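Single-structure report; data block below.
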Amino acid sequence: MHTPLTDEDYYQSGKAFGQQQQWGEAINAYKKALELNPQSRAAAALDYIYEILQFHNTDLMNP
């Protein structure tokens with residue numbers, strides 16, 4: 001039987017993607033963590049990624 005992934009699993013996955021600068025994958029993982037647990041520390045990590053993207057890609061975040 002398959003054990004379902006937890007919000008912490010998704011948080012760790014997002015963190016790994018973020019370290020590889022795979023921003024889309026990181027965002028998706030953090031959002032999944034927040035679906036499972038709105039109090040997840042993924043919220044702060046997601047905000048951090050959005051800050052990075054806004055700083056580096058102003059056209060991407062503000063079309």
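Can you find, within the range 28-40, the residue that is surrounded by the most Cβ atoms within 10 Å (Cβ to Cβ) among those that are touching a helix residue (DSSP H, G or I) at 6+ places or on another chain (Cβ under 6 Å) and of a type outside the set (Lys, Arg)?
Tyr30
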List the residue pairs whose Cβ atoms are under 6 Å apart, where the first residue sits in the range 19-46 and is in contact (Cβ under 8 Å) with a residue 24 or more places away in the chain, the second is assigned to a loop (DSSP other than H, G, I, E, B), and the two are 6 or more positions apart or on different chains. Ala33/Ser40; Leu34/Ser40
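Of everything in the range 1-17 that's closer than 13 Å to Glu35 by Cβ and hydroxyl-bearing (Ser, Thr, Tyr), which residue is farthest from the chain's Cα centre (by Cα)?
Thr6
Quick note: the coordinates plus some simple rules give every number you see, no bench work behind them. Keep in mind the model is a prediction, meaning the values are calculated, not measured. For neighbour counting, all protein chains shown are included, and Cβ atoms are generated from backbone atoms with ideal geometry for every residue, glycine included.
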